[in-house]
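Report on the structure given below.
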């Protein structure tokens with residue numbers, strides 16, 4: 001008998017935007033892809049099309065939705081959106097560069113750089129983001145056993161989601177580097193007894209043209 005096909009989860013960061021290029025925190029501001037980002041999404045679509053996923057879900061923000069749309073069209077699929085995969089909210093810092101944040105909120109910026117919680121600026125907590133994204137991924141995996149699920153989301157959201165899916169502390173663990181634009185990571189469920197909801201990271205930060 002043929003072995004059952006393993007469930008796969010592919011997490012993709014959206015293509016480049018002008019805010020990415022300028023080093024600005026985007027958070028949940030709805031910024032479109034720039035020309036470079038459109039090219040990156042096209043390269044990703046060409047690489048994915050020969051072995052397409054079974055379904056594609058994205059954050060509802062335009063930069064993720066349009067990246068997912070390029071892949072969906074190349075694969076003959078219809079993408080959907082889910083707010084579970086929104087980027088981490090950076091509150092009052094959204095749209096600003098690091099030097100602007102440092103100048104206006106020096107103490108809070110120092111806390112951020114030291115990986116301490118930021119209070120009073122409407123910045124979403126790391127564990128909250130990690131669990132939001134991880135639970136969205138777990139739900140898709142439960143609903144699609146033996147299938148390949150692609151989620152197109154955002155840098156901070158994906159990093160924290162992967163950390164939570166691996167059962168690690170999103171406040172303390174910093175061992176997973178962020179994805180570059182249109183790069184992707186591949187995970188699969190851990191099938192050992194007592195590992196419900198945990199996933200293992202198979203590949204990380206694969207470039208858009210990787211096949």
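Rule-based calculations on the coordinates, nothing more; no lab input. As the structure is a prediction and not an experimental result, all values here were calculated from the model. Positions of Cβ are generated from backbone atoms using ideal geometry, with glycine treated the same way; all protein chains shown enter the neighbour counts.
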| Proxy reagent accessibility, fewest Cβ within 10 Å first, across 166, 150, 199 | 166, 199, 150
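List the equivalent ellipsoid semi-axes of the range 1-103 in whole Å, largest first, each obtained as the square root of 5λ for an eigenvalue λ of the Cα gyration tensor.
Values: eigenvalues 184, 48, 26 Å².
Result for the range 1-103: semi-axes of 30, 15, 11 Å.
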| field | Spacing of the two label points (7 Å from each Cα toward its C-beta) at residue 51 and residue 99, in nm | value | 4.4 nm
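Okay, helix-only estimate at 222 nm for the chain: each DSSP H run of n ≥ 4 adds -39500 (n - 2.57), divide by all residues, round to 500 deg cm²/dmol; what do you get?
Working: 7 runs with 77 residues, N = 211.
Helices in the chain give a 222 nm mean residue ellipticity of -11000 deg cm²/dmol.
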| note | quick shape note, the range 69-112: Cα extents on principal axes in Å, largest first -> 49, 19, 14
| message | I'd like the orientation of helix 155-165 relative to the chain: the angle between its Cα long axis and the longest Cα principal axis, in ° from 0 to 90, rounded to 10. | response | 60 degrees
| task | Could you calculate the contour length gain from residue 128 to residue 177, that is, 0.36 nm times the residue separation minus the distance between their Cα atoms, to one decimal place in nm? | result | 15.7 nm
| message | Per-residue counts of other Cβ atoms within 10 Å, averaged by peptide: what ranking do you get for 67-73, 19-25, highest first? | response | 67-73, 19-25
| Among 160, 168, 187, which one moves the most in a GNM of the chain with springs linking Cα atoms closer than 10 Å? | 168
| task | For the chain, just the Cα atoms, rotate onto the principal axes and tell me the three extents in Å, largest first. | result | 63, 44, 24
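Using the 10 angstrom Cβ neighbour count as an exposure proxy, how do 151, 186, 57 rank, fewest first?
Values: 151 27, 186 16, 57 21.
Ordered from fewest to most neighbouring Cβ atoms within 10 Å, 151, 186, 57 come out as 186, 57, 151.
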| message | If I build a Gaussian network model for the chain, linking alpha-carbon pairs within less than 10 angstrom, which residue out of 56, 101, 162 has the largest mean-square fluctuation? | response | 101
